[in-house]
Amino acid sequence: MAQFYSAKRRVTTRQIITVTVNDLDPFGQGVARHQGKALFVSGVLPHEQAEVVLVEDKNSTPAPR
């Protein structure tokens, strides 16, 4: 019987952080930075603070909720 390798899922803990939005992207999402990575947050304007939960890490760019 053939055995196939199945990669283990990455276990990421959901972090709650507070960020300050610096800019808007072309789609109207706020752009903030945390630990050198860009975060895209919807529903905020530049210079506003938002408390976000990091839920996804795509290509080294986490996506908050």
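The values are calculated or read from the model by the stated rules, or taken from the named source; none is laboratory data. None of these values were measured; they are calculated from a predicted model. Every residue, glycine among them, receives a Cβ derived from its backbone with ideal geometry; neighbour counts consider all protein chains shown.
Taking the residues in region 23-39 that are of a type outside the set (A, V, I, L, M, F, W, C), in a strand (DSSP E or B) and closer than 12 Å to ALA50 by Cβ as candidates, determine which candidate is farthest from the chain's Cα centre (by Cα).
Among those that are of a type outside the set (A, V, I, L, M, F, W, C), in a strand (DSSP E or B) and closer than 12 Å to ALA50 by Cβ, it is GLY30.
Do we find a residue being part of a loop (DSSP other than H, G, I, E, B), modelled with pLDDT of 90 or more and more than 15 Å from the chain's Cα centre (by Cα) anywhere in region 1-18?
no
Quick check, is SER60 at pLDDT below 90 and of a type in the set (Gly, Ala, Ser)?
yes
Does region 40-57 hold any residues that are within 10 Å of the chain's Cα centre (by Cα) and modelled with pLDDT of 85 or more, and which are they?
Of everything in region 40-57, those that are within 10 Å of the chain's Cα centre (by Cα) and modelled with pLDDT of 85 or more turn out to be PHE40, VAL41, VAL52, VAL53.
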